[in-house]
Structure formats: structure tokens, C-alpha cells
1. Taking the criterion of being among the acidic types (Asp, Glu), open to solvent by less than 60 Å² (accessible area, probe 1.4 Å) and over 22 Å from Tyr454 (Cα atoms), would at least one residue in the stretch 342-354 satisfy it?
2. Quick one: would you say Val427 is surrounded by 20 or more Cβ atoms within 10 Å (Cβ to Cβ) and either in contact with a strand residue (DSSP E or B) (Cβ under 8 Å, 6 or more places away or on another chain) or modelled with pLDDT under 95 (or both)?
3. Restricting the first residue to the stretch 279-305 and requiring it to be over 21 Å from Cys333 (Cα atoms), which pairs with a second residue that is among the aliphatic types (A, V, I, L, M) and surrounded by 19 or more Cβ atoms within 10 Å (Cβ to Cβ) meet a Cβ separation below 6 Å and a spacing of at least six or different chains?
4. Being of a type in the set (Asp, Glu) and open to solvent by less than 60 Å² (accessible area, probe 1.4 Å) is the filter here, so list the residues in the stretch 253-302 that pass it.
5. Which count do you get for residues in the stretch 106-144 that are surrounded by 18 or more Cβ atoms within 10 Å (Cβ to Cβ) and in contact with a Ser or Thr (Cβ under 6 Å, 6 or more places away or on another chain)?
6. Within the stretch 145-173, can you find the residues that are open to solvent by 10 Å² or more (accessible area, probe 1.4 Å) and either in contact with a Cys (Cβ under 9 Å, 6 or more places away or on another chain) or in a helix (DSSP H, G or I) (or both)?
7. If I ask for residues that are open to solvent by less than 10 Å² (accessible area, probe 1.4 Å) and either at pLDDT below 95 or among the hydrophobic types (A, V, I, L, M, F, W, C) (or both), which ones from the stretch 461-489 would you list?
8. Pull up the stretch 186-197, narrow it to residues that are part of a helix (DSSP H, G or I) and within 12 Å of the chain's Cα centre (by Cα), then point me to the one that is surrounded by the fewest Cβ atoms within 10 Å (Cβ to Cβ).
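The values are calculated or read from the model by the stated rules, or taken from the named source; none is laboratory data. Computed from a prediction, not measured in an experiment: that's the story for all the values here. Reconstructed Cβ throughout: ideal geometry from the backbone, glycine too, with neighbour counts over all protein chains shown. The area values use the complete protein model at the heavy-atom level, side chains included, leaving out ligands, DNA and RNA. Shrake-Rupley method; radii C 1.70, N 1.55, O 1.52, S 1.80 Å.
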Amino acid sequence: NPLLIPLDFKPHHEIPSPARVPHFPPCNPNLFEYTPCHDVDRSLPFPRERLVYRERHCPLEESEFLRCRIPAPNGYTTPFRWPESRDMVWYANVPHKWLTVEKAGQNWVRFEGDRFTFPGGGTMFPRGADAYIDEIGRVINLDDGSVRTAIDTGCGVASFGAYLLSRNILTVSFAPKDTHDAQVQFALERAVPALIGIMATTRLPYPSRSFDMAHCSRCLIPWGQYDGLYLIEVDRILRPGGYWILSGPPINWEGHWKGWDRSKEDLSSEQNTIEAVAKSLCWKKLKQRGDIAVWQKPSNHEHCKKSRKVFKKPRFCNAQNPDLAWYTKMEDCLTPLPSVSNITQTAGGERAKWPTRLTSIPPRVSSGSLEGITPDVFTKDTAIWKERLAYYKSLNNALNDSGRYRNLLDMNAKLGGFAAALVNDPVWVMNVVPVEAKVNTLGVVFERGLIGTYQSWCEAMSTYPRTYDLLHADSVFSLYDGRCKMEDILLEMDRILRPEGCVIFRDDIDVIVKVKTNIDEMQWDSIIYDHEEGPMQREKVMVAVKQYWTAPSPAQTDS
């Protein structure tokens, strides 16, 4: 039986009683934005060449692990609810004014009193993100459900992804943790999907054929360098028939070269190089309209195979698994699409249009390429997660409060059933498929029209503290038993969870009891509940809430 005292999910802004002495003490207040795998000090010894130092570099020795809880900054306030959060963020939550100065003329972000506002502008969309997306919509059909997932490389504050959400297009936005401090942090505080990331030497953490659309708006990625390596990587993660959009240098250089402070010859050469790489990948240039150029990847590689007689580079890859993408080095070879029986077919199988795509059998499942996952297993999994979500909502009333939670993370997403069940709620879910999982299902997640990433929970996630409102941990600790310490995973969960955020654990009762012992010492309140099918099931559900607490004020620290 659950305990009689219900959990309190309402927002509060009080420092908890000091009576409870936690086993995991608060970290130094200066660490309120600590991001272990993207720590500036840790990155310094790594090469500057090809920006290796901005890739993931995580603590490796146990002595480097912080066994303390990252504080929220003093003054931290519950974020604005969606959709209001798209346009404003509390200054106290992301105290960085640098972008408001650096990008003042480009309408990215403004500082007004106690908050930042986001007018929806960008370097290449001075009339706003909506007008910019309308321009793209004149070349690509963004309304018929054929484009559902997108990736925005070098995303700025992610206004492109923010404004695509109203068109039922989910975008993974990413940017490095660099001199433009807090870009990704702003995006997540706005309640827009984003990750810290960079195109450098390792593959992006997604399987092949994931995204319907890739976008770069003056993202500063050297597309023509290194034999087109970065475009080759975009090709790997684009689905057959997917689109690549480029705006900014060198597109429309004839009208902008003076403002860009570069020579005509330099810009012309850059564009010619990009065009040549795209042709070598067998992409078709659909249109260059004003400042925007759009290419399309072929639906299969039948013609492309024949063209290797003309294009000696890139050759087709023949060894590496195209879906491996966790510390996997990029290769300057073209990822071959699955074979087809005739030239009109889509390699790997046709994807249904959104929203049918969510529940129709994904091509990776119907093809039998995933061990043990049949169409029947997939259909039953979808139904099971609808029932489980209803049960979760009966345990946590805040899940029924529209807008209470916005940024959700499924730490062991499997087929994406939890996210699929939430599709009609005003939330988005980052679906993580752990690299240690027995079956790599992340491709299925994308084929359903959902988004996600690879991750090992023995390491920190490429995200800032206080990123997510709700974490879903289904069998996470059973999966990692013997691989790394439970307390380190829990401390990482505490780091990325907002004050007053919720965690739903689902695991064997013995595991749940061990987890509860740890989180009782982390200032989380929790209750263990029976499985939705009754008390005879060993698997239990535990709902936990992180208490509201912040770093002390400077005056308190001094005293």
C-alpha cells in the first residue's frame, strides 16, 4: 500500500528546514552551471585543431567525480509556463547578458528588467523566425506531415526550433559550450529541445536515417573543409529524401559580401566547394531563394552507386555500423542506404506522414532488423504505455496540470512508448537509448516522429543543470547494476532536474528500495507504489520530488 501522506507537487519558494542533514552536501555555489563533460578547465589540454577541445571530455577518475548536489543560483524562480516561456526567461535562472550585447543588432535576445525576452529574430532572419520558416515552406512542404523531425546545427538560442513547434515539427537544436555562453541553456529554459554539441571529430549522437530535415543558419561550420566530412555526417543522419537547408555565408554572397567583410573570390570558392560536395553525395539542389538554399538527399542509392565512376570521393563505407554514434569517429565515406528492388522505392522503407507515423509500424520493425521486436511487440508496447501513463497521472496530479511540466527526459526509452503516450500533452520528451541497452532502438524512436539521443548514464549528459522538469527512469538501475555507482547516476539526475521537478522510477522492488535510501539523503521526497497490475508484481513505481533549494545569497555566504 502507498503511504497515506500524498506528495506535494505545488511550486514553493522556501528554503527547506535545516533539520535534515543530507549525506550529499550542496556543492560550492560557484558550480551552479557545472556541466561535467563540457567543463572549460577540463577541456584546456585537448587540441584546438578541429575544435577537439569542445567535444565531450568527461571525468574519468573517481577522484574527479563531484559527490555533492549542484545548487540552483540564488533567486532561482520556477520558469514561465509554455507557451509563454518561448518568449521570456527569468534573468536569475540564466544570469548571462553577454549575448544581449554581442547579438544586439540581430534580435536574438533582449534584457528587460528581471527577465530576458526573445523576439524570434536571428542573424539570417531579421523579420523573425516565422517569416523565415515561411520562406522555407515555399520550397519544402512543411504542412503535410512529411517533415516531422529536424536538427538545427549551431542553433543560437534555438528560435528556429521554437517556432517550428507550432507546425508540429520537433527540432533537436545543438550548439557548443563556447564563447557564446548559454545558447543551449537559454533554449532549454525557453522549454525548447536542445543539447550541447559540436561537429568536430566524432559522429553526432544519432543513428543513421534519423532526421527529415537538417538546418544551418550561419552556424559557422566549415562545410567545404576536410573533404566535406561534416556534410557527409549530415548525410548519415538524414533520412532518404530528407532536406538540408543552408542560409548565411556563402549563400547569396553577391548581395552580402561587403557586409560579411570577405572577398567575392573567397565566398564564390566556398559556395562552389559546398555545391561540389553536395553533388558528390548525390544530393539534388532544389532551390536557392534569396538567402536560403535547399538540397534534397536521394530516396535510394541506385543512381549514386553508378556515379562513383565520376565521383571517386567519397567512397561508400563498408565496415562501420551506420547507427553507432557514441564516441565514434566520423569517416570520410558515404553511408550506404539499404538496398531497394527498384529505382522508385525509398531505401529502408517508406515512413508514414505525421501523425499516423507515431503508431504505424516503423520500417526498422517491419523489416525484422531488430532482434526480438516484431510488429506485434511494437503494437502491444504502444498500448501498454498508454495504460502506464494513465496510472502515472493517478499518482502525480501535476501530470494532469497542463503546463506544470514541459521538458521531459526518458532515460531508457526503448521504443519511445512513454513519449508516444504523451503526444497530446503540451510537453516534449528527449528519448535516451543507453549505449549499454541490449537492442539499439533509437532509430525506431525517430521513425515514429519522436526525438532522442544516445547516452551512457555512467557519464554526465551534454546538458546544463536544471534542464528537465520530469525524468522517467524505467529499469535504469537494473541496466547499470555492476557498471557504475548508483549514487553517481542519482547525482547526475539531481544535477539536470529542476527544483521541484519530478522523477518516476520503475524497477524491481529491491532496486527501488536501494534508490530510495539514497534519495532520502538528497532532499528528495518519495513514495513507493505498487505496479499498475497490482501488488503481486515485483516491479514497483516510485514517484519522487526534488525539494526547492538554492545557493545562499552573497550576503549569507560572506557571513
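1. In the first step, residues of the stretch 342-354 are kept if they are among the acidic types (Asp, Glu); the result is 350.
If we keep only those that are open to solvent by less than 60 Å² (accessible area, probe 1.4 Å) as well, we get none.
No; the residues of the stretch 342-354 include none that is among the acidic types (Asp, Glu), open to solvent by less than 60 Å² (accessible area, probe 1.4 Å) and over 22 Å from Tyr454 (Cα atoms).
2. Working: surrounded by 20 or more Cβ atoms within 10 Å (Cβ to Cβ): yes; either in contact with a strand residue (DSSP E or B) (Cβ under 8 Å, 6 or more places away or on another chain) or modelled with pLDDT under 95 (or both): yes.
Yes.
3. If the second residue must be among the aliphatic types (A, V, I, L, M) and surrounded by 19 or more Cβ atoms within 10 Å (Cβ to Cβ), the pairs left are Leu286/Val294; Lys287/Val294; Asp291/Met124; Asp291/Ile251; Ala293/Leu246; Ala293/Ile251; Val294/Ile245.
4. Step one: of the stretch 253-302, the residues of a type in the set (Asp, Glu) are 254, 261, 265-266, 270, 275, 291, 302.
Residues satisfying the conditions are Glu270, Glu275, Asp291, Glu302.
5. Of the residues in that region, 5 qualify.
6. Residues satisfying the conditions are Gly154, Cys155, Tyr163, Leu165, Ser166, Arg167.
7. Listed by number, the residues that qualify are Met461, Leu470, Leu471, Ala473, Val476, Ile489.
8. Once the filter is applied, the top-ranked residue is Leu188.
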